[in-house]
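Heads up: the structure comes next, in structure tokens.
The values are calculated or read from the model by the stated rules, or taken from the named source; none is laboratory data. All values derive from a computational prediction rather than experimental measurement. Reconstructed Cβ throughout: ideal geometry from the backbone, glycine too, with neighbour counts over all protein chains shown.
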Amino acid sequence: MLVLRSILFQAAFYANCTLWFLAAMLAWPLPSRFMIKFAHGWARTSLWLHRAITGAPVEFRGVERIPKGACLVAAKHHSAWETMALAYHVELPTYILKRELLRVPLFGWHLIKARQIPIDRGQRVAALAKMMVHAKAAIAEGRQIIIFPEGTRRKVGAPPDYKYGVARLYAALGVPCLPVAMTSGLAWPRNTLLHYPRPILVEFLDPIPPGLDPDQFFARLQETIETNTNRLLAEAGYRPEESASRSAGASQASA
């Protein structure tokens, strides 16, 4: 049943993406905010399909804490699921994303039209400077910058690996930062096509006010996200030994 549900979701998900990406071509002649409306619709229907087909229950907490207007959103990154969840809940989402995504047919073109912020990881200093320029312009328009501080998806239970770029961005923008903790990796793990009917708990935490020292902010952000993610994981039934046993099983299989 797990494999069948996973296959059904994958088929439905990509069919839904295709329909929305084709429909969003209508927004190309219009201002970028119209493309974001299509993004909201795509995210909403994709989240519904995941919940309905895989059976993974979802609970959002602290939605009332999302600031109105410009802010920085820093989220735990376990899977592809949260890219949709944040796009749905944030009014004017502006992602910091890898430049390679812009080359994906249709999807990448829509990202350009929606004025998302690409970053070239191979050019660290130059990439950071360009990112700052685009981010400040987005903030001036009242948009919300979404960043995954670890830079890439992390397995549930893996040691945190936060990059200092989020602190530089926070210091440059001068807006509140909304930390987000979640358990999405239990239901949609990275590097697998299987989807598990395990709870996805998402909590928008108290915003960190602007003006803190970057080092102080960096330590506070990591402690806030990791502590609350671990709390949510425990509530969802995850135990650290679960990850260890899976890793041991994988090692024995490869041996």
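Observations, loosely collected:
- Restricting Lys37, Lys76 to those that are under 30 Å from Pro210 (Cα atoms) and surrounded by fewer than 15 Cβ atoms within 10 Å (Cβ to Cβ) reduces the list to Lys37.
- Residue among Gly151, Gly142 that is over 17 Å from the mean Cα position of the chain (by Cα) and not in a helix (DSSP H, G or I): Gly142
- Listed conditions (1) polar (S, T, N, Q); (2) in contact (Cβ under 8 Å) with a residue 60 or more places away in the chain; (3) closer than 20 Å to Val104 by Cβ are all met by Thr18, apart from (2).
- Filtered residue count, the stretch 28-63, keeping only those that are touching a residue at least 24 places away in the same chain (Cβ under 8 Å), out of contact with any Cys (no Cβ under 9 Å at 6 or more places or on another chain) and in a helix (DSSP H, G or I): 16
- Residue match in the stretch 5-15 (condition: surrounded by fewer than 12 Cβ atoms within 10 Å (Cβ to Cβ), of a type outside the set (Gly, Ala, Ser) and in a helix (DSSP H, G or I)): yes
- Of everything in the stretch 47-92 that is of a type in the set (S, T, N, Q) and touching a Phe, Trp or Tyr at 6+ places or on another chain (Cβ under 7 Å), the residue that is farthest from Arg5 (Cα to Cα) is Ser79.
- Residue within the stretch 129-137 that is closer than 23 Å to Cys177 by Cβ, modelled with pLDDT under 90, surrounded by 18 or more Cβ atoms within 10 Å (Cβ to Cβ) and not β-branched (Val, Ile, Thr) present: yes
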